[in-house]
Amino acid sequence: MYVIIGAGIGGLTTALAFEKLNIPYHLYEKAATINAIGAGIWLAPNALKVFEWLGILDQIKLAGNSIDRITIATSTLKTLTDSKQDDAKEQYGYSTVAIHRAELQKVLAKNVPTDKISWGKGLSSYVENKENITLTFLDGTTTKTDYLIAADGINSVIRKQLFPESEIRYSGQTCWRGVTSFSIGEEFNHRGLEMWGKETRFGISRLSKDKTSWFAVVKSKPFLTDNREILKEDLLARYADYTSIVKDLIANTDINAILRNDIIDLKPIKKWYSNRVCLLGDAGHATTPNMGQGGAQAIEDAYFLSKVIAENTTKDAFKEFQKVRYKKVSSIVNQSWLTGKVAHIGFGASIRNMVFKSMPKSMIDKKMHYIYTLDKE
Ligand SMILES: Cc1cc2nc3c(=O)[nH]c(=O)nc-3n(C[C@H](O)[C@H](O)[C@H](O)COP(=O)(O)OP(=O)(O)OC[C@H]3O[C@@H](n4cnc5c(N)ncnc54)[C@H](O)[C@@H]3O)c2cc1C
């Protein structure tokens, strides 16, 4: 029996993968329900491939919006790179889907049998011994399991207990995200846009017919909070030299639909498992959002973990899982960290833009192919 802790993107996808391969499990989630407040997320072809394998791709597509063109531009909309996603469609069968995080979770959760998820049940700690694991929940109840899958996110209580030396890194950047029903015109219906200014970034993508999502990233000290009464004015001032679309979006977003998070990741750890415990998704390898791959990597984890469990004795399965996943995940974590630094160059921004503009398409394609493919290492 497996217990999965955390019904986020990784935990729910793992439940569906275990369901498909007849691996016995129960999923526990701290939150009482799916949080409706949230922002947009991109699902790249590698994530969509897993959803196709699970038989839920059509439901995901219906709940989200296809991104057929991805543009990186300057703050005044001068193109740096512009890639139509036809090649991706041809090669992988689909491009990228932008979707509201809550909608994604809803689709995943509704496909998990209700008697296999317990909501409002947060894990407090666990004791691992030779025969099994005893779990203690925040409400004081306990249960036993053979194996424990930690899908409890970047602040994982399980990882903190297993590897207390693990460290969260602050990237030096903070991010506001908003969702609005304001429409910025048909040209952007299926186009993901990211604009780079001087030490700032702004991204836009439509999530559905009546929802557009944006993010705004700036350099900042960590742990700052907003005075929400003047937040919009503050953001409008920070993005004053950006194209008018940016200002229209900020101005037309309900203040309650704007979230702020410092951009952090997990300093790579060497091992993701013990005898009976295995970390998955952000719990084991949280990455900065610069490549839009954190969720996709959690989804890939679910695919490979379920396959290796179905093929191996469990003890070997966790070791094999790390062997299969570690190289790709590490390369994404490192590349994403670097991308964040480059995107926020202040002095030298024009050189950065020139380098980006002249980057050969073959180089970008090679990188994308590595990320979008689901092969074992
Ligand atoms: C600004 C931003 C933008 C992003 N954009 C993208 C993107 O476009 N594409 C992409 O692929 N990724 C993106 N990501 C990354 C993505 O959000 C994460 O990588 C992904 O959510 C990780 O999934 P997870 O299931 O591992 O963790 P989470 O989604 O964090 O889920 C963890 C779950 O565990 C639960 N939990 C926590 N503690 C306990 C406990 N003690 N007991 C029980 N349950 C518990 C939580 O309530 C939560 O439901 C972005 C991240 C950020 C911050």
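The values are calculated or read from the model by the stated rules, or taken from the named source; none is laboratory data. Treat the numbers as computed from the prediction; the structure is a model and nothing was measured. Cβ coordinates were reconstructed from backbone atoms using ideal geometry, including for glycine residues, and neighbour counts include every protein chain displayed. Heavy atoms of the whole protein, side chains included, go into the accessibility calculation; ligands, DNA and RNA do not. Shrake-Rupley method; radii C 1.70, N 1.55, O 1.52, S 1.80 Å.
Worth a mention:
- Residue within region 228-236 that is more than 9 Å from the ligand (Cβ to nearest atom), part of a strand (DSSP E or B) and surrounded by 15 or more Cβ atoms within 10 Å (Cβ to Cβ) present: no
- With respect to the conditions (1) among the small types (Gly, Ala, Ser); (2) under 21 Å from ARG177 (Cα atoms); (3) more than 8 Å from the ligand (Cβ to nearest atom), GLY294 lacks only one, and its number is (3).
- Apart from one condition, MET359 fits all of (1) assigned to a helix (DSSP H, G or I); (2) among the aliphatic types (A, V, I, L, M); (3) farther than 15 Å from LYS198 by Cα; (4) at pLDDT below 75; the exception is (1).
- Residue within region 219-239 that is in contact (Cβ under 8 Å) with a residue 60 or more places away in the chain, polar (S, T, N, Q), in contact with a strand residue (DSSP E or B) (Cβ under 8 Å, 6 or more places away or on another chain) and on the phi < 0 side of the Ramachandran plot present: no
- Of all residues in region 15-52, those satisfying the criterion of being under 21 Å from HIS100 (Cβ atoms) and of a type in the set (Val, Ile, Thr) are THR33, ILE34, ILE37, ILE41, VAL50.
- Inclusion of SER124 among residues that are small (Gly, Ala, Ser), out of contact with any Pro (no Cβ under 8 Å at 6 or more places or on another chain), open to solvent by 20 Å² or more (accessible area, probe 1.4 Å) and more than 15 Å from the ligand (Cβ to nearest atom) is not warranted.
- Residue in region 190-203 that is part of a helix (DSSP H, G or I), out of contact with any strand residue (DSSP E or B) (no Cβ under 8 Å at 6 or more places or on another chain) and more than 14 Å from the ligand (Cβ to nearest atom) present: no
- Total residues in region 127-136, condition away from the ligand (no atom under 14 Å from the Cβ) and either open to solvent by 40 Å² or more (accessible area, probe 1.4 Å) or of a type outside the set (Val, Ile, Thr) (or both): 6
- Any hit, region 110-118, residues being among the hydroxyl-bearing types (Ser, Thr, Tyr) and open to solvent by 40 Å² or more (accessible area, probe 1.4 Å): yes
- Of all residues in region 294-335, those being under 22 Å from GLU128 (Cβ atoms), β-branched (Val, Ile, Thr) and open to solvent by less than 60 Å² (accessible area, probe 1.4 Å) number 3.
- In region 211-227, the qualifying residues are those that are touching a Lys or Arg at 6+ places or on another chain (Cβ under 9 Å) and within 15 Å of the ligand (Cβ to nearest atom), and the one that is most open to solvent (accessible area, probe 1.4 Å) is PHE215.
- Residues located in region 137-152, provided they are near the ligand (Cβ under 10 Å from one of its atoms) and buried (at least 18 other Cβ atoms within 10 Å of the Cβ): PHE137, ALA150, ALA151, ASP152
- Residue match in region 272-285 (condition: more than 9 Å from the ligand (Cβ to nearest atom), within 18 Å of GLU52 (Cβ to Cβ) and either open to solvent by less than 20 Å² (accessible area, probe 1.4 Å) or touching a residue at least 12 places away in the same chain (Cβ under 8 Å) (or both)): no
- Scanning region 153-171 for residues that are within 11 Å of the ligand (Cβ to nearest atom), in a loop (DSSP other than H, G, I, E, B) and open to solvent by 40 Å² or more (accessible area, probe 1.4 Å) yields one hit, ASN155.
- Within region 2-60, restricting attention to residues that are polar (S, T, N, Q) and within 11 Å of the ligand (Cβ to nearest atom), the residue that is farthest from the chain's Cα centre (by Cα) is THR33.
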